[in-house]
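To start, the structure under review is shown below, and the notes come after it.
Any read-out appearing in this document is the output of simple, stated calculations on the displayed coordinates, not a laboratory observation. Please read all numbers here as calculations on a predicted model, not as lab measurements. Every residue, glycine as well, gets a Cβ built from its backbone with ideal geometry; the counts of neighbours run over all protein chains shown.
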């Protein structure tokens with residue numbers, strides 16, 4: 001057996017706000033969407049490079065307020081790109097940590113936290 005990866009699931013409550021934040025602001029792309037019927041909750045996958053995240057309106061899939069960390073290269077240009085978008089609900093900082101990483105933390109409209117980080121020792 002070989003583990004192949006992990007895909008976190010974040011709880012969302014509003015499709016429009018989720019897409020504005022994840023697709024327009026952060027720059028993820030929409031991979032696919034699924035609803036069992038037109039009036040039922042949405043479940044969809046977004047991705048950026050090799051990172052995939054599932055977003056779900058389904059009650060019980062997960063709790064709002066979760067957190068993930070995404071390692072990346074080129075964090076400073078990504079941070080500048082976010083600030084240049086002048087998104088009304090987020091102006092993330094960039095900080096260096098005692099564990100030799102540079103981090104940029106964003107919180108989505110549903111209180112889920114994503115920490116984009118770059119190891120400084122590499």
Residues in the stretch 40-82 that are touching a helix residue (DSSP H, G or I) at 6+ places or on another chain (Cβ under 9 Å), part of a strand (DSSP E or B) and touching a residue at least 24 places away in the same chain (Cβ under 8 Å): how many? 3
Scope the stretch 91-119; condition more than 10 Å from the chain's Cα centre (by Cα), crowded, with 17+ Cβ neighbours inside 10 Å and not in a strand (DSSP E or B); matching residues: 92, 94, 109, 110
On the basis of being more than 27 Å from residue 4 (Cβ to Cβ), in contact (Cβ under 8 Å) with a residue 60 or more places away in the chain and over 16 Å from the mean Cα position of the chain (by Cα), does residue 85 make the cut? yes
Among residues of the stretch 26-43 being surrounded by 12 or more Cβ atoms within 10 Å (Cβ to Cβ) and within 13 Å of the chain's Cα centre (by Cα), the residue nearest to residue 91 (Cα to Cα) is 26
Check the stretch 16-25 and report whether any residue there is surrounded by fewer than 17 Cβ atoms within 10 Å (Cβ to Cβ) and part of a loop (DSSP other than H, G, I, E, B). no
